[in-house]
Amino acid sequence: MQTQLLIDGEWRDGSESARFDVENPATEDVIASVAAGTTEDATAACEAAAQAQVAWAATAPRERGEILRRTWQLMIDHTDELARLITLEHGKPLADARGEIAYAAEFFRWNSEEAVRIHGSLGTAPSGANRIVVHHPPVGVVVIVTPWNFPAAMITRKLAPALAAGNAAVIKPPRETPLTALRIGELLHEAGLPAGVVNIVPTMSSGAWFDAAVDHPATRMVSFTGSTEVGIVLLKRSADRVLKTVMELGGNAPFIVFDDADIEAAVQGAMVAKMRHSAETCTAANRFFVHAAVADDFTRMFAAAMSDIRIGNGFDDGVTCGPMINAKAVASINELVTAAADHGATIATGGGAVDGPGHFYPPTVLGNVRSGDDITRHEIFGPVAPVITFEDTDQVIADANDTEMGLTGYVFTRDLRRGLAVSERIQAGMIGLNRGAVSDPAAPFGGMKQSGLGREGAGEGIYEFCETQYIATDW
Ligand code: NAD
């Protein structure tokens, strides 16, 4: 298991030789001690990236693509090992961890194909005096900061397009899950990536680390995934140097079930939208709006499916929901549920934190919740589903949009025309129409409003990591 910092192609201890412990959230056992990067290490990583980026940008796009493609293959070949690492440090069930590796690896394959398709344009000035040549060089050095909920995919979704476009990267993985990130660094080098193009520097002091990385003169871009709260801090700090930013932030997804929906399909979709990856996803359905005519049926069937979920150690057979990431997460989920119950919510199933060891919360369905209640204003980030009854379409759309967040929304109806019309009125970057999952490397991932800026994946994802240069040409 790799536990050192990756700087300039070398594995090193931090400049102060400090280390921090990584825990398995299912057992609370310490599973590794990882080198803690300092501000000097962040600066050294930016320096290495700046040096390496010039040659990397000059490397033929096909060759960059081949290295990414080999990395995809290596990740697929090592699926079992990587999934075990994710389950060990994050806790999610092995099947979810394997799914994450397939998804995470796919960004390397997808972007190996995009590397050779970064298109510019050629036009003629309206005056006819000159030609307008437009092309897209890489940005330069990109600082990448990621959350713990997808230890592999949140890195590869940024790193693969950044590398495909010819950038070098300095990555700060989360302190909860640095091990998967470091292993991906090893595989990138096995695939032939030159030293210094990717640097991975875990740290215990993210604020100071980030300041040092942002202040390095070679840094030109920040790509962040995490909470809106931290995103705002990072955006302000990035503004000091007018850095390009991509921000993938928090969510508060509405899940709307109309009276004509296939209720069984809606319950299956709800289980996927709520419970995938132990309910710790930014796309997770956070507010269930169900038409009054079907609310009893939906809630009963949903509560039954939720109570069938087995929580436990992600390595154990039959477990479909692992632990929450830490004790603080369990406490905050429990606080939201308790306050909702105090305000009149009924508990159809679940409720109440589970005794340790391990940070577990049972799958919970709450009935009799009103839009605007406190629990509908917070990203729950755990296996709790508040159900709100509605009757009027305009009202449910207004309630769905009554949030500063706009990452994902879900709509269930048999009437495709109604489904598309409602989807268009929901202020969210991604909509699942009769589907509980939206993530796809071939689709643009990202949010509206305070859920973020920019998009990851699809054709446009790579252009986030490019500049636009126009050359007025007389020929
Ligand atoms: P977080 O914002 O607490 O942390 C994210 C990262 O930022 C971590 O690496 C953390 O160490 C770092 N960080 C924290 N403070 C920092 C600072 N002052 N300077 C620099 N770095 C700092 O988020 P989290 O708890 O790790 O993840 C959960 C959040 O991430 C949820 O809000 C979720 O919705 C969001 N998320 C969004 C997406 C998306 O694509 N939109 C995907 C996954 C998770």
**Message:** Could you derive backbone 3J(HN,Hα) for segment 387-394 from the dihedral phi with the Karplus parameters 6.51, -1.76 and 1.60 (θ = phi - 60°), listing whole Hz in sequence and x where the residue is Gly or Pro?
**Reply:** 10, 10, 8, 9, 10, 10, 5, 4
**Prompt:** Ranked by accessible surface with a 1.4 Å probe, highest first, in what order do W72, W56, W11 come?
**Reply:** W11, W72, W56
**Message:** Viscosity 0.692 mPa s, temperature 37 °C: give me the Stokes-Einstein translational D for the chain in µm²/s, with Rh taken as the Kirkwood radius over C-alpha pairs.
**Reply:** 142
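Quick one: order D394, D373 from most to least accessible surface, probe 1.4 Å.
Descending order: D394, D373.
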**Request:** Heads up, I need the accessible area for D317: 1.4 angstrom probe, whole protein in place, Å², nearest 10.
**Result:** 140
**Rounded tilt (10° steps) of 292-307 against the dominant C-alpha axis of the chain** = 70
**Ordering of 153-164, 87-98 by packing [mean C-beta count within 10 Å, highest first]** = 153-164, 87-98
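For the chain, what is the percent of antiparallel DSSP beta bridges, rounded to the nearest 5?
Working: 27 of 66 bridges.
Here the antiparallel bridges make up roughly 40 percent for the chain.
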**Message:** Using helices alone, I'd like the mean residue ellipticity at 222 nm for the chain: each DSSP H run of four-plus residues gives -39500 (n - 2.57), total over residue count, nearest 500.
**Reply:** -12000 deg cm²/dmol
**Helix 61-77 vs. the chain, principal-axis angle (Cα, 0 to 90°, nearest 10)** = 40
**Prompt:** Where does helix 228-239 land angle-wise versus the long Cα axis of the chain, in degrees 0 to 90, nearest 10?
**Reply:** 20
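Count charges around P363 for me, please; just the other residues with Cβ under 10 Å from its Cβ, Lys/Arg as +1, Asp/Glu as -1.
Numbers: positive: K274, R310; negative: D308.
Summing Lys and Arg as +1 and Asp and Glu as -1 gives +1.
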**Asked** Put +1 on the Cβ of every Lys and Arg and -1 on every Asp and Glu Cβ in segment 253-440; which of M301, A400, M275 then has its Cα farthest towards the positive end of the dipole?
**Response** M275
**Item:** Anchor K274: lysines whose Cα lies under 27 Å away (excluding residues fewer than 8 positions away in-chain)
**Value:** K92, K158, K328, K449
**Request:** Convert each backbone phi in segment 457-467 into a coupling constant with the Karplus relation 6.51 cos²θ - 1.76 cosθ + 1.60 (shift: θ = phi - 60°), then list the ³J(HN,Hα) values in order as whole Hz, x for Gly and Pro.
**Result:** x, 6, x, 7, x, 5, 5, 4, 9, 10, 8
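The values are calculated or read from the model by the stated rules, or taken from the named source; none is laboratory data. All of these numbers come straight from a predicted model, not from anything done at the bench. Cβ coordinates were reconstructed from backbone atoms using ideal geometry, including for glycine residues, and neighbour counts include every protein chain displayed. Ligands, DNA and RNA are stripped out before the accessible areas are found, and what is left, the full protein with its side chains, is counted by its heavy atoms. Shrake-Rupley method; radii C 1.70, N 1.55, O 1.52, S 1.80 Å.
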